[in-house]
Structure formats: structure tokens, C-alpha cells
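Enquirer: Would you mind keeping the following structure in view while I ask a few things?
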């Protein structure tokens, strides 16, 4: 069995208005990579909740390391207030997770949210303490580098990225369930395309019950405040990665 390691990174909750963004990095021995496909790993959006929960444990069992970070609503709000984009915030935390791996992978595949996919890889490289080499970019030092491949739809192309997508999604679902239980309010998925979510936000605006979990500086939240329910849902379109 090969001991060369590869890793994949993805997020869940990017397009939501309630709850955290969860980022995850999963590393695995190259020799065990095929097992991921055999057990049914694929993009988390293509799986049922039951299947994701099953695969969550299977991925932990097969992986060399699994790293997760929950970017809290307060961190998201503070970053946006300070003009730090969501792309940059994700890149900072992917870099931290890569740096925290005990064993360095040969390659790291990332699902890129940037319209220019390589630019996201460069952002991660900027914030990492490791020597990273971004695929598709020139004038980089190659010696003893971790190769970073940042691509659109990487969660659909690479099982290792799909694994990170599943881990992030299950962890975020758990966070949403905790908010629901703590506040004793049905909040749906936390995405603006979800009528239950929009209704919960509207009901709580006066009481402030959901305030600690709302992304206050998002344009979508301002729109929810201003428009009638049917007007909002008629205009609302799922953001990129909204169900990630």
C-alpha cells in the first residue's frame, strides 16, 4: 500500500444566512483512495442525509487525518465588517487546516469558489506556512512543495474532495440542529431559498432570538427584511455552493 498522501478540501454553508461556514480537509494514503469510490463517496449535494451520516464514519475510518474548522457567524460578520471577503476567509482557514496536518500530503485538491480557480489556490498559498505550489501558475519554487490543485466542481471530480464535502456538510447540519434545539425554533436549512428559514428570520427580527446566528452584513438578510415573503422567494436564487 502506498504511503504517499493526498488531501482534499471543501466547505459547507457558504450561501447560508444562518449558522457557520464549515471547512474541512481530509487526507488519505494514495493506496486507499479507491476505497472512497467503492463505499459511495460523491459530492455531498448528491447524497441523502442518511447516506452522508453513514459515509461520515466511513471516511474517518479510511482517512489518514480529518481536519475541520467551524467559521462562526461572529467571525463571518467581523470579517465582512472589515472588508475581508468570504473567499479570503475560506482561504485563511483552508491554509490553517493544511498547516495543521501532521503528515504532509503530496497534493491538495480544493474546490475553488473563485471565478478564477487558480487565484483561490494562490490565496491559500499566501496564508499557509507550508511551501505550496499552485497548479497552473508560473514563477513558483517547486522544491519540496505541496502541490495545490484548485478547481471548480472539484467536489464532483475528486473523491477526496467529495469526502471533505461530506464531512463539512454533516458537521454543519449538526450545528444547525443545535441552534434549532437551543432556541426552540424551526429554522430549516439556514439557506435563503428555504421558506422555513426566511419565515424564522422574519419572526425573530423583533425578538432578536436568532441574532447571534445571522450573517448581519449579507445583502440577502437586508433583502429578507425589506421584501414580502412571496416577493423575496420569487426573486431568491440559491447562491453558489448554497447546498454545499
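The values are calculated or read from the model by the stated rules, or taken from the named source; none is laboratory data. The structure displayed is predicted, hence computed values, not measured ones. We place every Cβ from the backbone using ideal geometry, glycine too, and count neighbours over all the protein chains shown.
Enquirer: When both residues are 6+ apart or on different chains and their Cβ atoms are under 8 Å apart, which pairs have a first residue that lies in segment 17-32 and is in the same structural domain as residue 162 (by TED's automatic domain parsing), and a second that is part of a strand (DSSP E or B) and at pLDDT below 95?
Expert: 17/214; 18/214
Enquirer: While we're here: Scan segment 34-56 residue by residue and report those that are without any contact (Cβ under 8 Å) to a residue 60 or more places away in the chain and over 25 Å from residue 107 (Cβ atoms).
Expert: Residues satisfying the conditions are 48, 50, 51, 54.
Enquirer: In this structure, does residue 150 turn out to be within 19 Å of residue 36 (Cα to Cα), buried (at least 23 other Cβ atoms within 10 Å of the Cβ), in contact with a strand residue (DSSP E or B) (Cβ under 9 Å, 6 or more places away or on another chain) and modelled with pLDDT of 95 or more?
Expert: no
Enquirer: Given the options 94, 109, name the one that is in contact (Cβ under 8 Å) with a residue 60 or more places away in the chain, surrounded by 20 or more Cβ atoms within 10 Å (Cβ to Cβ), touching a strand residue (DSSP E or B) at 6+ places or on another chain (Cβ under 9 Å) and assigned to a strand (DSSP E or B).
Expert: From the options 94, 109, the qualifying one is 109.
Enquirer: Which of the numbered conditions does residue 83 fail, given that it passes all the others? Conditions: (1) out of contact with any strand residue (DSSP E or B) (no Cβ under 7 Å at 6 or more places or on another chain); (2) within 24 Å of residue 126 (Cα to Cα); (3) in contact (Cβ under 8 Å) with a residue 12 or more places away in the chain.
Expert: (3)
Conditions (1) over 30 Å from residue 27 (Cβ atoms); (2) in the same structural domain as residue 26 (by TED's automatic domain parsing), marked per residue:
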{"site": "159", "(1), (2)": "no, yes"}
{"site": "165", "(1), (2)": "no, yes"}
{"site": "170", "(1), (2)": "no, yes"}
{"site": "190", "(1), (2)": "no, no"}
{"site": "194", "(1), (2)": "yes, no"}
{"site": "214", "(1), (2)": "yes, no"}
{"site": "220", "(1), (2)": "yes, no"}
{"site": "226", "(1), (2)": "yes, no"}
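Enquirer: How many of the residues making up segment 201-228 are touching a residue at least 40 places away in the same chain (Cβ under 8 Å) and either assigned to a loop (DSSP other than H, G, I, E, B) or within 16 Å of residue 182 (Cα to Cα) (or both)?
Expert: Going through segment 201-228 one residue at a time, the tally reaches 9.
Enquirer: Can I ask one more? Any chance you could count how many residues in segment 165-190 are under 18 Å from the mean Cα position of the chain (by Cα), surrounded by fewer than 23 Cβ atoms within 10 Å (Cβ to Cβ) and not in a helix (DSSP H, G or I)?
Expert: Of the residues in that region, 1 qualify.
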